[in-house]
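The values are calculated or read from the model by the stated rules, or taken from the named source; none is laboratory data. On a predicted model such as this, the values are computed, not experimentally measured, just so you know. Positions of Cβ are backbone-derived with ideal geometry, glycine not excepted, and every protein chain shown enters the neighbour counts.
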Amino acid sequence: MIRVWDPLIRVFHWGLVAAIAAAWLTAEEIEAWHEWVGYIVLGLIGFRLIWGLIGSRYARFSQFVPSLKEAISYSKDVLRRREKRYIGHNPLGALMVVALLSMTAATGVSGWLLAEPERRAMLPEMPMIVAPAYADPDGGKEHQRGEHDDEVLEDVHEVLANLLLLLIVLHVAGVIYASTRHKEKLALAMITGKNAAPGPDDQS
C-alpha cells in the first residue's frame, strides 16, 4: 500500500459530501441553514482550487487533468476492457472531478445571487419570454421584470442542483465500476489515504 490522498483532500472530499447532502435536506424547509451550507460549499470549492495548484502530487490538477486525446483514448480502452489502472484519478474520473467542481461552484454561486436582491442587480437583465399583458405606469412593469428575473434565477439554481445530483450518481457508478474492474477499494482509499501500489502495467 502507498499513500495517495493527503489528509486535506480527504477532509475536503467527505466535507463536500456532507455539505451537499445537508444542502439537499434543507433546500425546502430551512432557508437560513441552506444558505449557510451554501457558503461552506463555496469555501470548500475555493480551497480545492488552491490545493489543486499547490497541494500534494495526486491532488494537483497538473497531475491528473487529461488532454482530450488522453480522455478519448482511455474511453476506447474502457469499451474494449483493456484500460490501465491509475493510482490517482483515471482520465474519465479526472473529467468527472472537473465537472463536479464546476457544477457545484455554479450551483453555489447561483444560490448566493438569490440570497440578496443587491447581488442579483449585478446580473444583466433576464430576457422576457412572454411580455406582461398589463403594466402599472408607476413602476409595475419594473416590478414584474424583477419578479421574472428572480423566477428565472431560481429555475437556473434548481436545474444546476439537479444536474449536480446526476453527476454525483454517475461519479458513484464510476467508482463502483473501477473498484470492481481493478479489484480495489476506492471509497476506502479516500478514507485511509492509501491504495495498492502500482503494478508493472499500472499508471502512477
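Brief remarks follow.
- The stretch 43-82, subset without any contact (Cβ under 8 Å) to a residue 24 or more places away in the chain and buried (at least 18 other Cβ atoms within 10 Å of the Cβ), residue nearest to LYS194 (Cα to Cα): GLY52
- LYS84 vs. criteria basic (Lys, Arg) and out of contact with any strand residue (DSSP E or B) (no Cβ under 8 Å at 6 or more places or on another chain): no
- Test for TRP14: is it assigned to a helix (DSSP H, G or I), among the aromatic types (Phe, Trp, Tyr) and touching a residue at least 60 places away in the same chain (Cβ under 8 Å): yes
- If only residues of the stretch 1-39 that are buried (at least 18 other Cβ atoms within 10 Å of the Cβ) and farther than 19 Å from ASN162 by Cα are counted, the one that is nearest to the chain's Cα centre (by Cα) is PHE12.
- So ALA197, is it among the small types (Gly, Ala, Ser) and at pLDDT 90 or above: no
- Subset of the stretch 166-195 (residues that are out of contact with any helix residue (DSSP H, G or I) (no Cβ under 8 Å at 6 or more places or on another chain), hydrophobic (A, V, I, L, M, F, W, C) and surrounded by 13 or more Cβ atoms within 10 Å (Cβ to Cβ)): ALA189
- Residue in the stretch 87-107 that is surrounded by the fewest Cβ atoms within 10 Å (Cβ to Cβ), counting only those that are out of contact with any His (no Cβ under 9 Å at 6 or more places or on another chain) and not hydrophobic (A, V, I, L, M, F, W, C): SER102
- Of the helices (runs of 4 or more DSSP H) contained entirely in the stretch 79-186, those carrying at least 2 residues that are among the hydrophobic types (A, V, I, L, M, F, W, C) and modelled with pLDDT of 90 or more fall at 91-115, 140-182.
- Filter result for the condition that a residue is out of contact with any helix residue (DSSP H, G or I) (no Cβ under 9 Å at 6 or more places or on another chain), more than 28 Å from ASN195 (Cβ to Cβ) and either aromatic (Phe, Trp, Tyr) or assigned to a helix (DSSP H, G or I) (or both), over ALA22, ALA32: ALA32
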